[in-house]
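First up is the structure itself, then whatever we jot down about it.
The values are calculated or read from the model by the stated rules, or taken from the named source; none is laboratory data. Treat the numbers as computed from the prediction; the structure is a model and nothing was measured. Every residue, glycine among them, receives a Cβ derived from its backbone with ideal geometry; neighbour counts consider all protein chains shown.
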Amino acid sequence: MPKKPMRPCRHPGCPRLTENGVYCEEHRKLYERESAGKRGYDNKWRAARTRFLRHHPLCAECMRQGKLTPATVVDHIVPHRRDARLFWDETNWQPLCKSCHDRKTGRGE
Ligand SMILES: [Zn+2]
Ligand SMILES: [Zn+2]
């Protein structure tokens with residue numbers, strides 16, 4: 001009797017059995033790399049956002065109403081819905097303060 005039951009790897013179509021019931025040796029690396037890739041993406045976005053806000057320090061929506069409010073959020077004018085082209089297109093970015101952003105996205109207030 002084996003100590004632990006062997007389970008198939010969760011990667012679709014992978015026939016290997018695993019001891020921990022998650023991913024086989026090969027696919028565990030693959031999935032770890034994916035989450036590391038996501039961290040790199042987050043860092044890239046954070047840097048791009050910081051740079052954008054340095055050049056566009058005032059909330060665009062408040063400015064339309066004649067108010068000067070420091071922007072803290074980079075908003076996608078057209079929702080990107082995970083579309084990388086829209087996501088990274090700076091002409092689709094606008095600086096917003098938190099309350100304008102919350103109002104736009106329907107959160108808060
Ligand atoms: Zn596998
Ligand atoms: Zn605002």
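Quick look at the numbers
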| item | result |
| --- | --- |
| Which numbered condition Leu53 misses (of (1) away from ligand 2 (no atom under 16 Å from the Cβ); (2) in contact (Cβ under 8 Å) with a residue 40 or more places away in the chain) | (1) |
| Subset of region 9-30 [surrounded by 13 or more Cβ atoms within 10 Å (Cβ to Cβ) and within 10 Å of ligand 1 (Cβ to nearest atom)] | Cys9, Arg10, His11, Cys14, Arg16, Thr18, Val22, Tyr23, Cys24, His27, Arg28 |
| Boolean, Val78 is closer than 19 Å to Asp42 by Cα and out of contact with any Gly (no Cβ under 6 Å at 6 or more places or on another chain) | no |
| Per-region count, region 31-57, residues surrounded by 11 or more Cβ atoms within 10 Å (Cβ to Cβ) and over 30 Å from Pro95 (Cα atoms) | 2 |
| Filtered residues of region 76-109 (kept if more than 20 Å from Lys38 (Cα to Cα) and charged (D, E, K, R)) | Glu90, Lys98, Asp102, Arg103, Lys104, Arg107, Glu109 |
| Single residue of Glu90, Glu61 found to be modelled with pLDDT of 95 or more, acidic (Asp, Glu) and within 16 Å of ligand 2 (Cβ to nearest atom) | Glu61 |
